[in-house]
Amino acid sequence: MRKEELTIERRIRAIEGRLEIYNLIAGHPPSADTGSAAYAEAVFTADGVFDRGPDLSGAVGNKAIGANLQSAGHQAAIAGGLAHFTSLPHVTINGDTAVVISYLQILTPRKSGETIEVPNHGGSRGYHIHRVVTNRWDLVRTPSGWKIKRRTLRLVDGSEPARDILRGALPAA
Amino acid sequence: MRKEELTIERRIRAIEGRLEIYNLIAGHPPSADTGSAAYAEAVFTADGVFDRGPDLSGAVGNKAIGANLQSAGHQAAIAGGLAHFTSLPHVTINGDTAVVISYLQILTPRKSGETIEVPNHGGSRGYHIHRVVTNRWDLVRTPSGWKIKRRTLRLVDGSEPARDILRGALPAA
Amino acid sequence: MRKEELTIERRIRAIEGRLEIYNLIAGHPPSADTGSAAYAEAVFTADGVFDRGPDLSGAVGNKAIGANLQSAGHQAAIAGGLAHFTSLPHVTINGDTAVVISYLQILTPRKSGETIEVPNHGGSRGYHIHRVVTNRWDLVRTPSGWKIKRRTLRLVDGSEPARDILRGALPAA
């Protein structure tokens, strides 16, 4: 190929990588909310790390991360109604690695309280936003696509760790 | 054109389709929250289906789907303050068809309860999350762009139908 | 370059612009929630306008907009736990200008009320959705990338101004 074509190839490849990463992030909530291990096993590296901070259990290795979704506790959460809701992520690709910064809400239907009616939209007790977390996804490009090497999340509670995560999306001060 | 150019053309076309689909999904909340029929008429196929499940009314055909937004009930919901809020969608394109899986929150301002002050952000009674739903959008590519053949949504309430929708974004188990 | 290559170049450039704009929008919440002025200074034009409507203070000029994030009031909001949460935006590029329409939630942890337990996800008093706003971002392409010329936001409270913003994402009626 000529030089212009090489450049075009490189640019298209970067764009395709970016779109693949968007789907990787968008695929996480469906996996978490159905308790399917297949996504976790497919998208984490064999030595991938899932770090939820000091207060909740994490896991190491794509098999263990997938198994967590099938635990009795996680299945009970799903049975009560569970929705992981993701914001538009910020993506920085640097060759064969990438850093993604995103926010996530974890929602569940309220089991008590007043029912509110909205015209044309029925009645509802509303949803409880159980957790709002900031996420850092450290990705690597492998022969079988972009994979998660480490996912780190921290609770938005006014303390510093959640903000440290967010700084991964900011220009150097 | 030479072979490399054909391939490049095909790849760029796939990328452009993906970005067009993102705008199609992002255009839905502004349409729903203003009660504009124009979006619905432009983006659903003439025989398009809008399926909100067994408990809420649906519609068949782009004209009927648009008309629903102008019903007295929907206009009353808008007058109370209505926000459809969409997550990052998961998109799978397969030639001239595509499947999009997304989450949606429907929010409205609370009309009673305590007012909370947040520094630099005024006071507010907060918002009621009326519904959280999972969505499957079955799309087709037409000479005038990507269109919605069927939109199916199910309430996140712990029951199976909402999870069935989500499985459309997962790799085969 | 030959004609096909020019067209390819133009199409790839449009795609790259679109993805750059997604990151620009996704970079806003991390900046707002850490109080970093660097993002605001980098992405607003020197004469950029930040318009929050009649009830909250705005600013003119990228330096002033950045300084607002470092005000005592904004820092107090951050200390209480603050999350700006963005939907998938709708993007319309027209040569060297672009219009982006998006929704934003502003969330903060509840400081009182009942603690709810969710299996495998700990206990939480939940989050208060303080504001839901519609946003219009008027962008211009500069030699150093896409910049914000004006950001206008309006509260979703049932009144017309929030809907006026949303119409920027709709086809002409």
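Note on exposure: C:138, C:55, B:164 ranked by accessible area (1.4 Å probe, complete protein assembly) read C:55, B:164, C:138, with the most exposed listed first.
Placing a label point 7 Å from the Cα of residue A:71 along the Cα-to-Cβ direction, the distances to the matching points in the other copies come to 4.4, 4.4 nm, shortest first. Between residue B:172 and residue B:125, the modelled label-to-label distance comes to 5.3 nm, taking each label 7 Å out from Cα in the direction of the beta carbon. In loop segments of the stretch A:1-38 as defined by DSSP, the trypsin sites (Lys or Arg not before Pro) with at most 10 further C-beta atoms inside 10 Å of their C-beta are A:2.
All other residues with a Cβ under 12 Å from the Cβ of residue B:2 taken together, and with Lys, Arg as +1 and Asp, Glu as -1, what is their net charge? Charge balance near residue B:2 sits at -3. In nanometers and ordered shortest first, the copy-to-copy spacing of the residue A:53 label point, defined 7 Å from Cα toward Cβ, is 3.0, 3.0.
In loop segments of the stretch A:40-128 as defined by DSSP, the trypsin sites (Lys or Arg not before Pro) with at most 12 further C-beta atoms inside 10 Å of their C-beta are A:111. Annotation for the stretch C:47-110 versus the stretch B:31-76: alpha-carbon center distance of 32 Å. Position residue C:111: other-copy label points at 2.9, 2.9 nm, ordered by increasing distance, label point 7 Å along Cα→C-beta.
Per residue, the Cα convex hull of chain B amounts to 175 Å³.
Contact order for the stretch A:56-145, expressed relative to its length and based on alpha carbon pairs under 8 Å spaced 6+ residues apart, stands at 25 percent. Rounded to 0.05, the FRET efficiency of the residue C:57 and residue B:63 pair, given R0 = 56 Å and the Cβ-Cβ distance, is 0.80. Taking θ as phi - 60° and the Karplus parameters 6.51, -1.76 and 1.60, the scalar couplings of the stretch C:134-141 work out to 9, 10, 10, 10, 8, 10, 10, 8 Hz in sequence order, x denoting glycine and proline.
Binning all Cα-Cα separations of the stretch A:67-167 at 10 Å, short to long from zero, yields these whole-percent fractions: 13, 31, 32, 18, 6, 0. Of B:19, B:153, B:139, the residue with the greatest mean-square motion in the GNM of chain B, using alpha carbon springs below 10 Å, is B:19. Taking the stretch A:147-173 and a reference point 7 angstrom along Cα→Cβ of residue C:140, no backbone N atom is nearer than 20 Å. In the neighborhood of residue B:134, defined by Cβ-to-Cβ distances under 13 Å, what is the net charge if each Lys or Arg adds +1 and each Asp or Glu adds -1? Net charge around residue B:134: +2.
Normalised by the number of residues in chain A, the average gap of Cα pairs under 8 Å and 6 or more apart makes the relative contact order 19 percent.
Placing R0 at 45 angstrom, the Cβ-Cβ distance between residue A:46 and residue B:72 gives a FRET efficiency of 0.20 after rounding to 0.05. Expressed as a whole percent, the proportion of Cα-Cα pairs in the stretch C:1-71 lying more than 15 Å apart is 63%.
Checking the Cα-Cα distances for A:3/B:3; A:3/A:147; A:63/A:147; B:63/B:149; A:63/A:149 against a 20 Å cut-off, the pairs over it are A:3/A:147.
A simple spin-label model places the labels of residue A:20 and residue B:9 2.5 nm from each other, with each point 7 Å out along Cα-to-Cβ.
The values are calculated or read from the model by the stated rules, or taken from the named source; none is laboratory data. Source: prediction; values computed, not measured. As a convention, Cβ positions derive from the backbone with ideal geometry for all residues, glycine included, and neighbour counts pool all protein chains shown. In case anyone asks, the SASA skips ligands and DNA or RNA and just uses the protein heavy atoms, side chains included. Shrake-Rupley method; radii C 1.70, N 1.55, O 1.52, S 1.80 Å.
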